[in-house]
């Protein structure tokens, strides 16, 4: 076969920067004879890798013989728990539905079987015991041939992505046997920050639900779990230093909280999948639930000259507030290993502050006049100083930038319509030199009848007016599933595969935009998630070979 | 206590007619002292019974002592499998979360415990071995007192509804003990036909999903499962007489079909819950999948003077078509015991018929001119004659009426906007003397962000311009969940509790319309469904004591 003569040759395609609004190249996909292929010829690949070279030559895989091995010279070995765990996971995914092996009779002629996937971590430090970070190298190169396939990656993080791709390349033939075609893949993410936001305050999300969604995130090469853990409705995080916060502010102090052990488990489960856990403790608004367990933290609202009995945002004029925040965020900085914490800062309602005579007096003293956004900035500025002292970086919602706070923060753009829309906001944020993260087009809690994944897919974080330098400041985005209308009963099917659309936008080349092609692949990818136990909902009519087996 | 002195007295509140657009009375709810209560004082009751009399006097129930018993003189005994099964089911619902009984120490003073629920079937034939029907008596009276509660119903169908109500009256006190208040209920449905349509053609629905939804239907006092079993996309029904229909027309002939044993199980599972199974085999449109397994059934479409290779609706001009239908519906009439079959008849696209020269010739011969609705009527008329000969009644979608077919069929109104809207259609259908069924405001597959159950709740089948006689012709309605975007992964949470809103509209008195009150009760009812294993989605922020434990 002529195709066999072609050699796989990949240049050293290293991820040079964390941002990729400036296209690297066109996401070409070609076969070994140099014929350009349609993306959908790779039915199962999602998100589509940067470069794929394929052929019609197929090999078999046998559940009784196939092995994942550590390549000679790899800096990771059998003591690398991230890889060992991944080997088990992907073996299950690949051979999950196979019956007890009886294929001795059907052994192929020598040379038509892939016996192993050699995994080589090529940099001296594989980072087996580390945590993923914003600058983690997730690139990998995969070469599928017989008798050995080879997966090369500088770090374990790239190996995890390559294992997912390898598992997606395996398909069942008519006899149920596992097959894989001769393939070369060279891959890396377009954006460094690819997140999913879940909200465990509007509804408590049992651990099982969070873990299942981390599994699904790994299947879609997401690398950030943005945990919007507290809000007005409940405070489920059990703080060692301030246990009353959850004792009094959660829906239920035993059944509807996250204990330190729970949080640890989420972080470790995520680490195993190359996923960062960024906790959000949103202040000074969205904090009603904090008030039950922390005296004087919230601002007392007034009706006329007397307290009304209700409370507003965090009280920004008391020293006790900042003492509390210093203690609280010191704890958070040790519990959550990620270098970033999300500080919220969105949707602060000024009416309670306006009603309170002590706040008014403070405004006068500070010379803020009637501009309450200055008071908000005053609070945020002090909070940022506190968090900086814990050696954490921080993310904030766009209002903090809009209000003119000057800080080295990641600005999270979420407002769809206001101020010229989110594209104008992206232009402003990056023009001011800030790093930006996009969520505005990806509020997946909002949904409509039919295939609304298409709109999510079409949006692009770099589709705004700005210079190349500005676009490099966009480091990624997040699909947000706010919790008002979702809990354990419906969260997972509502999120998947709609969040898969966002995943491809954030991973694949900017040129990967053909929606009919995406449809064909996503239908397959959705069935793969279903076969792996994730109740991802259907895109349209049709069926999966193995339907979801829950209720 | 003064309240104790009042005696429960209920008149003989029998369901006189199957329709109830003419209000019986105002759905009053009062306590034993004659104080009118808000509906939401009965947190757990859904749908709200016609009459409830309650008091603050509470009794306990012990898992080790409580029994369901057959009252002396009841026409049903321990050989009545419908009741025996229901006793087991409701015992589990009531005591499900109780730990192994350790309450001997906490036994109450004599007289504060309900030791049994005596079930009395008062008419000579309990119908234990029968199937529910359009004229089944579902009325019941429930009196909760100590030491015995009494449930009286003319038939088992009413007893099933009363058992559901009894189970909803039980609540957990602060110690986890089961309690129930002294209560009297007199109840019957406003409408005789209260259905849920599921579509197993656009997506195959595994048996487990269908059964779980029958469970949920019983919790909401639904009594019809409208099984839209076949459509263009797939034909999953395994016919004994025409096995090729599913062999060639299903998504998969072994894994994505309903065998005769499956169908039997669905029917029996439904019967145990007082639910009728009405199968819909929609023709002449919506039949693409039929064409694979039945030669010459569909009309060949033409491009110019030659067949295009595609097919249109059932071919109405061949005798073989009617021979097939006669055989097929004879089988259906024996497989499905219900007295009604749904024959579809909606959305017939005339373009293929128009393209076919043989059809054109037939039109000329029959003198139909260019009016293809006459051809459709010709087909439907012959089909109805065939089905009539199997002694079945039939339901049809509104187009059959719109096209002027004159038959004794139940007209199913589904089109929201056309011809002055569904209310105008209801006026026309009933003015012509036809019995009508309403689904137009209850297409629950269509959904929007937020609390769209409210619109479903507000709609009323009798809200159209017409005489009392016309309104009596409306015998109920159905919530429809068409299958384009739902399968095993997401069907159940998308349907519940949105279909619960429709359930109350169809069961409770016309005067039960207070939406804030409904919200309070529905939140509780949704948590009850969750506790019983149904992943009903949340209405808004909040929590359930026992969250859904699946993924």
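The values are calculated or read from the model by the stated rules, or taken from the named source; none is laboratory data. Nothing here was measured: the structure is a model prediction, and the numbers come from that model. Cβ atoms come from the backbone with ideal geometry, glycine included; neighbour counts cover every protein chain shown.
Out of (1) crowded, with 21+ Cβ neighbours inside 10 Å; (2) more than 14 Å from every other protein chain (Cβ to nearest Cβ); (3) within 19 Å of the chain's Cα centre (by Cα), the odd one out for residue B:425 is which?
Result: residue B:425 passes all but (3).
For the range A:190-206, state whether one or more residues are more than 30 Å from residue A:262 (Cβ to Cβ) and more than 14 Å from chain B (Cβ to nearest Cβ).
Yes, the range A:190-206 contains a residue that is more than 30 Å from residue A:262 (Cβ to Cβ) and more than 14 Å from chain B (Cβ to nearest Cβ).
Just give me the residues in the range A:457-469 being more than 19 Å from the chain's Cα centre (by Cα) and surrounded by fewer than 21 Cβ atoms within 10 Å (Cβ to Cβ), in sequence order.
The answer is A:463, A:465, A:466, A:467, A:468, A:469.
Identify all residues within the range B:505-520 that are part of a helix (DSSP H, G or I) and either over 18 Å from residue B:167 (Cβ atoms) or touching a helix residue (DSSP H, G or I) at 6+ places or on another chain (Cβ under 6 Å) (or both); write none if there are none.
Within the range B:505-520, the first condition is being part of a helix (DSSP H, G or I), and the residues that meet it are B:505-507, B:515-520.
Hits for the range B:505-520 are B:505, B:506, B:515, B:516, B:517, B:518, B:519, B:520.
Go through the range A:474-488 residue by residue and tally those that are buried (at least 22 other Cβ atoms within 10 Å of the Cβ) and more than 14 Å from every other protein chain (Cβ to nearest Cβ).
As a first pass, look at the range A:474-488 and keep what is buried (at least 22 other Cβ atoms within 10 Å of the Cβ): A:474, A:476-481, A:483, A:485-488.
Within this subset, residues satisfying the condition of being more than 14 Å from every other protein chain (Cβ to nearest Cβ) are A:474, A:476-479.
Residues in the range A:474-488 being buried (at least 22 other Cβ atoms within 10 Å of the Cβ) and more than 14 Å from every other protein chain (Cβ to nearest Cβ): 5 in total.
I'd like the full set of residues that are buried (at least 22 other Cβ atoms within 10 Å of the Cβ) and in a strand (DSSP E or B), limited to the range A:149-179.
Once the filter is applied, which keeps residues that are buried (at least 22 other Cβ atoms within 10 Å of the Cβ) and in a strand (DSSP E or B), the range A:149-179 yields A:149, A:151, A:153.
Among the numbered conditions (1) more than 18 Å from the chain's Cα centre (by Cα); (2) away from every other protein chain (no Cβ under 14 Å); (3) touching a residue at least 60 places away in the same chain (Cβ under 8 Å); (4) in a helix (DSSP H, G or I), tell me where residue A:454 comes up short.
Every listed condition holds for residue A:454 apart from (2).
Can you say whether residue B:493 is within 11 Å of chain A (Cβ to nearest Cβ), buried (at least 24 other Cβ atoms within 10 Å of the Cβ), over 20 Å from residue B:210 (Cα atoms) and modelled with pLDDT of 95 or more, as far as the supplied structure shows?
It is false that residue B:493 is within 11 Å of chain A (Cβ to nearest Cβ), buried (at least 24 other Cβ atoms within 10 Å of the Cβ), over 20 Å from residue B:210 (Cα atoms) and modelled with pLDDT of 95 or more.
With the condition kept exactly as written, say whether any residue in the range A:222-245 is part of a loop (DSSP other than H, G, I, E, B) and within 10 Å of the chain's Cα centre (by Cα).
Checked against the condition, which is being part of a loop (DSSP other than H, G, I, E, B) and within 10 Å of the chain's Cα centre (by Cα), the range A:222-245 yields at least one hit.
Residue B:146 passes all but one of (1) out of contact with any strand residue (DSSP E or B) (no Cβ under 7 Å at 6 or more places or on another chain); (2) part of a loop (DSSP other than H, G, I, E, B); which number fails?
Of the numbered conditions (1) out of contact with any strand residue (DSSP E or B) (no Cβ under 7 Å at 6 or more places or on another chain); (2) part of a loop (DSSP other than H, G, I, E, B), the odd one out for residue B:146 is (1).
Any chance you could count how many residues in the range A:407-431 are touching a helix residue (DSSP H, G or I) at 6+ places or on another chain (Cβ under 8 Å), farther than 19 Å from residue A:384 by Cα and assigned to a loop (DSSP other than H, G, I, E, B)?
3
Return yes when residue A:504 is more than 27 Å from residue A:420 (Cβ to Cβ), surrounded by 22 or more Cβ atoms within 10 Å (Cβ to Cβ) and either away from chain B (no Cβ under 12 Å) or modelled with pLDDT under 95 (or both) and no when it is not.
Yes.
Does the range B:521-541 contain any residue that is within 7 Å of chain A (Cβ to nearest Cβ), surrounded by fewer than 21 Cβ atoms within 10 Å (Cβ to Cβ), without any contact (Cβ under 8 Å) to a residue 60 or more places away in the chain and not in a helix (DSSP H, G or I)? Give the steps one after another, and end with the answer.
Within the range B:521-541, the first condition is being within 7 Å of chain A (Cβ to nearest Cβ), and the residues that meet it are B:530, B:535-538, B:540-541.
Next, from what is left, pick out any that are surrounded by fewer than 21 Cβ atoms within 10 Å (Cβ to Cβ): B:540-541.
Then drop every residue that is not without any contact (Cβ under 8 Å) to a residue 60 or more places away in the chain, which leaves B:541.
Imposing the further condition that a residue be not in a helix (DSSP H, G or I) reduces the set to B:541.
Yes, that holds for at least one residue.
Can you give me the number of residues within the range A:477-514 that are without any contact (Cβ under 8 Å) to a residue 24 or more places away in the chain and under 15 Å from the mean Cα position of the chain (by Cα)?
0
Any residue in the range B:207-216 that is away from chain A (no Cβ under 13 Å) and modelled with pLDDT of 95 or more?
no
From the set of residues in the range B:246-278 that are closer than 29 Å to residue B:193 by Cβ and within 14 Å of another protein chain (Cβ to nearest Cβ), which is farthest from the chain's Cα centre (by Cα)?
B:246
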